[in-house]
1. What number of residues within the stretch 4-51 are under 24 Å from the mean Cα position of the chain (by Cα), outside any helix (DSSP H, G or I) and surrounded by 15 or more Cβ atoms within 10 Å (Cβ to Cβ)?
2. Look at the stretch 166-197 and say how many of its residues are surrounded by fewer than 23 Cβ atoms within 10 Å (Cβ to Cβ), of a type outside the set (Phe, Trp, Tyr) and in contact with a helix residue (DSSP H, G or I) (Cβ under 9 Å, 6 or more places away or on another chain).
3. Just one of (1) surrounded by fewer than 15 Cβ atoms within 10 Å (Cβ to Cβ); (2) within 20 Å of Glu56 (Cβ to Cβ) trips up Met120, so point out which.
4. Within the stretch 129-197, considering only helices (runs of 4 or more DSSP H) that don't extend past its boundaries, which have at least 2 residues that are in contact (Cβ under 8 Å) with a residue 24 or more places away in the chain and in contact with a Leu (Cβ under 7 Å, 6 or more places away or on another chain)?
5. Any idea which of (1) hydroxyl-bearing (Ser, Thr, Tyr); (2) within 12 Å of the chain's Cα centre (by Cα); (3) surrounded by fewer than 20 Cβ atoms within 10 Å (Cβ to Cβ) is the one Thr100 doesn't satisfy?
Amino acid sequence: MKMSASTRNDARMQKAGGAAALYLAFALLAAMPYFLIVVDYPSATTVTARVALILENYGSMYAMYLATYVAFGLALGVLALALHDRLKDGAPTGARLVATAGLLWAVALVASGMIFTYGMTTIVTLADGDPEQAHLAWQAIEPVALALGGAGGEVLGGLWALLVGSVAVRSHALPKALAWLGVAIGALGIASVVPPLHDAAIAFGLLLIVWLGWLGGTLLGARTPNMAGDRTLRAETA
């Protein structure tokens, strides 16, 4: 039996979600060495030092924030919708929660990236005529952008991964090990909100790269949006 138009659309959505997941993994993989080694932004402990780094690396930092926050958030939205389609037959309520959490995180990341990029442009303009005003402006802009990006703890990212993993465990819509890894990563992200456990965000980020890469490969290999759909298609074509 030929695949219906709906089935083909579902399969395309899974492919789009898989490609989005791989983009997220590669974006995180690129961001870590850039911010930690190339620019070494964490070592800038004063506003003056951070503004100096922005002025020295404005072009590359602008591009990196676009790629790892704005584009990242947009790709995350695609992945959240693809996972909703994959999970909805086995766990409709859980699928809606997954989509909601994923889209909330996506919006926060896009907003963070836009504040960072426009904020940096503002700083560069101010620094030409009034360096002190540039420092004051960045002192106000940066905390807002960082908070939206998860610097205070990966609560939105952790919640999303935890929901994806827990719903997939119950619905069997993803490989069991992949689903349980999502649960573990989500727990780390949520735990990072607690100040003494803030460093859990590092483990969250590293494991998230592995999980997203695995998730991307799984979705790209899917023919239909969920396990039940796979079984139905096999029965129809037998």
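1. Adding up the residues that qualify gives 1.
2. Keep residues of the stretch 166-197 that are surrounded by fewer than 23 Cβ atoms within 10 Å (Cβ to Cβ), which gives 166, 169-172, 175-181, 183-184, 187, 190-191, 193-197.
Right, trim to of a type outside the set (Phe, Trp, Tyr) and you get 166, 169-172, 175-179, 181, 183-184, 187, 190-191, 193-197.
Then drop every residue that is not in contact with a helix residue (DSSP H, G or I) (Cβ under 9 Å, 6 or more places away or on another chain), which leaves 166, 169-172, 175-179, 181, 183-184, 187, 190-191, 193-194, 197.
The total comes to 19.
3. It is condition (1) that Met120 fails.
4. Numbers: elements: 131-148, 155-171, 176-191.
By residue number, 155-171, 176-191.
5. Result: Thr100 passes all but (2).
Yes/no matrix, rows are residues, columns are (1) touching a residue at least 40 places away in the same chain (Cβ under 8 Å); (2) within 30 Å of Asp130 (Cα to Cα); (3) part of a helix (DSSP H, G or I):
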site	(1), (2), (3)
Leu53	no, yes, yes
Met61	yes, yes, yes
Leu79	yes, no, yes
Ala82	yes, no, yes
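Here is a yes/no grid of residues against (1) surrounded by fewer than 16 Cβ atoms within 10 Å (Cβ to Cβ); (2) in contact with a strand residue (DSSP E or B) (Cβ under 7 Å, 6 or more places away or on another chain); (3) β-branched (Val, Ile, Thr); (4) modelled with pLDDT under 95:
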residue	(1), (2), (3), (4)
Gly150	no, no, no, yes
Gly153	no, no, no, yes
Gly157	no, no, no, no
Leu163	no, no, no, no
Asp199	yes, no, no, yes
Thr224	no, no, yes, yes
Met227	no, no, no, yes
Thr232	yes, no, yes, yes
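The values are calculated or read from the model by the stated rules, or taken from the named source; none is laboratory data. Keep in mind that this is a model prediction, so the values were computed, not measured. All Cβ positions, even for glycine, are placed from backbone atoms using ideal geometry, and neighbour counts span all protein chains on display.
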